[in-house]
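Below: one structure, written as structure tokens.
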Amino acid sequence: MKRIPVANAVLNGNEKQYVNDCLDTAWISSNGKYIARFESEFAEKLKTQHALSCCNGTVALHLALLALDVGPGDEVVCPTLTYIATANAVKYVGAQLVLADCDPKTWCISPTSLESRITSKTKAIIVVHLYGHPVDMGPIMKIANERGIPVVEDCAESLGATYNGQMTGTIGAIGTFSFFGNKTLTTGEGGMVTTSSKVLADKMRLLKGQGMDPARRYWHPIVGYNYRMTNIEAAIGCAQLEKIDWHLEQRRRVASTYRRHLEGKPGIELPTEASWAYHTYWMFTVRVTGANAERRDRIMQELDRNCIETRPIFYCMHQMPPHYSEEKFPVSEAVSASGINLPTFATLTDDEIARVCAELVKAVESVP
Ligand SMILES: *Cc1c(COP(=O)(O)O)cnc(C)c1O
């Protein structure tokens, strides 16, 4: 039986042609035409002013917090239910990580929980559009704007998703993106920061390029970083971006096919799509009703035995050693314990989805 992976990069456009162009011309490092092209086309796609490429999505978060002058003595609120990189970036700048619980429907940061975590030391808020479902940005921006706190949108999983028609990554002060191999679009490794502010864009450009003065070569007014993307990565990005609509359509097809097979199946809860949301389904994710992590893991093992790879929903940040805390976040803990990411990628066929669903239904019925 053919094994179905949980994710798969799909490079079916001009990727090879553009990469070969880099090789043929020897523009393989972090200068070259594809970088500027990828950045300007990305900004255009998002309808924002500035997009700056960088070497991954984790670094994008680091650049965002540095540009917002977050440092020791400051607090940053972020959801406990996210990928580790979101929380790690807060530690990189020496700030205090303050966690918030998630909403039971969207699994994204709960505005009520966020509000209860804000203090006079809160310097920034990071929200995460988890698995491609946008955060409820209206209430979040109201809370943030009333207090003058900037919002960073971690859009690593939400490229193309919209909140009331507005692209994620263009609502807060800064948006951050990842192009890791399993993301909606990939460059192998890669990232992007977006902003409508020239001041923030200039700061991030300086930081990512070793802090070199743009008007004076080899003069470095600050301690910067080498967080640049290569021209080869950007070449892949240009080809991927040409087909973004196709990539998004395919993920929507995968999600609606999953829904058709799983709707009404006992013990399986499907992800929601809020009325104001355009969900891009980076990962089609289900919850096993009432399951604890042990039972969920046994169900995943059963699927694995049947050649279907899945992933657990992220572990909560407060449950892992680097960010451990005795605080309780009941919604995030329940979602994290009972959630399974099912295979989701653009070339997953309807027959493969049917096979995943049949095995999932069987496993949920049979695994105690
Ligand atoms: C993938 C991801 C990142 C980090 O991106 P990398 O490119 O792997 O560094 C950050 N945040 C979230 C929510 C992610 O899913």
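Just so it is clear, none of the values below were taken in a lab; they were calculated from the coordinates. Predicted, not measured: the structure shown is a model, and the values here were computed from it. Cβ placement follows ideal geometry from the backbone for every residue including glycine, while neighbour counts extend to all protein chains displayed.
Name the single residue that is nearest to the ligand (Cβ to nearest atom) among those in region 179-200 being farther than 13 Å from Phe42 by Cβ and of a type in the set (A, V, I, L, M, F, W, C). Applying the filter and picking the extreme gives Phe180. Candidates are the residues of region 84-98 that are in contact with an Asp or Glu (Cβ under 7 Å, 6 or more places away or on another chain) and under 28 Å from Thr272 (Cα atoms); the one that is nearest to the ligand (Cβ to nearest atom) is Thr86. Can you tell me which of Ser53, Ser29, Ser40 is crowded, with 20+ Cβ neighbours inside 10 Å and either within 23 Å of the chain's Cα centre (by Cα) or in a loop (DSSP other than H, G, I, E, B) (or both)? Exactly one residue qualifies, and that residue is Ser53.
Looking only at residues in region 71-94 that are assigned to a loop (DSSP other than H, G, I, E, B) and out of contact with any helix residue (DSSP H, G or I) (no Cβ under 8 Å at 6 or more places or on another chain), which one is surrounded by the fewest Cβ atoms within 10 Å (Cβ to Cβ)? Of everything passing the filter in region 71-94, Pro72 is surrounded by the fewest Cβ atoms within 10 Å (Cβ to Cβ). In summary, Ser275 fulfils each of the numbered conditions (1) in a loop (DSSP other than H, G, I, E, B); (2) crowded, with 18+ Cβ neighbours inside 10 Å with the single exception of condition (2). Consider region 128-171 and keep the residues that are of a type in the set (Ser, Thr, Tyr) and assigned to a loop (DSSP other than H, G, I, E, B). The one that is farthest from the ligand (Cβ to nearest atom) is Thr170. Looking across region 95-127 at every residue that is assigned to a loop (DSSP other than H, G, I, E, B), touching a helix residue (DSSP H, G or I) at 6+ places or on another chain (Cβ under 6 Å) and touching a residue at least 40 places away in the same chain (Cβ under 8 Å), the one that is surrounded by the fewest Cβ atoms within 10 Å (Cβ to Cβ) is identified as Pro104.
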